[in-house]
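> One structure, pasted below without further comment.
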Amino acid sequence: KKDIPAVNFIIHEIHCRRNIEICPYCSDSIPKSEMKNHIDSEHVQVTCKCRMKMESSLLKDHEASSCPLRPVLCQFCEIQLAFNKLQEHELFCGARTEPCARCGRNVLLRELKEHPRVCG
């Protein structure tokens with residue numbers, strides 16, 4: 001491991017102080033010329049369609065995994081609906097019946113996967 005000569009360190013430090021800023025939001029080292037662009041693209045506040053406010057850099061993950069309005073498919077009918085409507089929809093949808101191909105008995109859709117184990 002080599003030590004950095006003091007002269008080189010001083011030159012490096014002067015260069016950094018002149019050209020680099022610490023982002024006040026995320027503490028990353030950003031070139032001064034890029035700071036406005038960095039803040040505008042990463043830290044500007046946006047509002048999701050669910051009315052939640054967040055930094056723009058977090059919006060894509062929010063929309064994909066935690067937004068209550070993100071689109072999901074019903075496990076029974078595969079209709080697409082908002083996540084916050086899924087539980088109520090599946091309660092109703094899973095209570096519909098279909099005849100079993102083996103025993104002919106009407107089976108609740110929510111029990112159809114388990115039915116073959118108990119099917120006569």
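The values are calculated or read from the model by the stated rules, or taken from the named source; none is laboratory data. Worth saying up front: this structure is predicted, and the values here are computed from it rather than measured. Here the Cβ positions follow ideal geometry from the backbone for every residue, glycine too, while neighbour counts run over all protein chains shown. Ligands, DNA and RNA are excluded from the accessible area calculation, which covers all protein heavy atoms including side chains. Shrake-Rupley method; radii C 1.70, N 1.55, O 1.52, S 1.80 Å.
> Can you tell me the length gained on complete extension of the stretch H38 to C100, counting 0.36 nm per residue apart and subtracting the Cα distance?
16.4 nm
> Further question on the same structure: Provide, for the chain, the number of lysine pairs with alpha carbons under 25 Å apart, each pair being eight or more places apart or on different chains. Can you show the working numbers first?
Numbers: K36/K53; K36/K60; K49/K60; K49/K85; K53/K85; K60/K85; K85/K113.
Eligible lysine pairs with Cα atoms under 25 Å apart amount to 7.
> If you don't mind, there's one more thing I want to ask. Read phi for every residue in the range 94-101 and hand back ³J(HN,Hα) as whole Hz from Karplus 6.51 cos²θ - 1.76 cosθ + 1.60, θ = phi - 60°, with x for Gly and Pro.
Result, rounded to whole Hz: x, 8, 5, 10, 9, x, 6, 5.
> Starting from the range 14-120, pick out the GluC sites (Glu not before Pro) whose DSSP state is loop and whose Cβ has at most 11 other Cβ atoms within 10 Å.
E78, E114
> State the percentage of accessible surface on the chain attributable to carbon and sulfur atoms; use a 1.4 Å probe and exclude ligands, DNA and RNA.
For the chain, the apolar C and S fraction of the accessible surface comes to 54 percent.
> With θ taken as phi - 60° and the coefficients 6.51, -1.76 and 1.60, list the Karplus ³J(HN,Hα) couplings across the range 38-46 in order, rounded to whole Hz; mark glycine and proline as x.
4, 5, 5, 8, 9, 10, 5, 7, 10
> At what distance in nm do the modelled label points of M54 and V118 sit from each other, each positioned 7 Å from its Cα along Cα→Cβ?
4.0
> Another question, if that's okay. Would you mind getting me the FRET efficiency between A64 and V7? Use the beta-carbon distance for r and R0 = 35 Å, nearest 0.05.
The formula returns an efficiency of 0.10 here.
> Rounded to whole Hz and in sequence order, give me ³J(HN,Hα) for the range 72-78 from the Karplus expression 6.51 cos²θ - 1.76 cosθ + 1.60, θ = phi - 60°, writing x for Gly and Pro.
Computed from phi, the couplings for the range 72-78 are 9, 9, 5, 5, 9, 10, 6 Hz.
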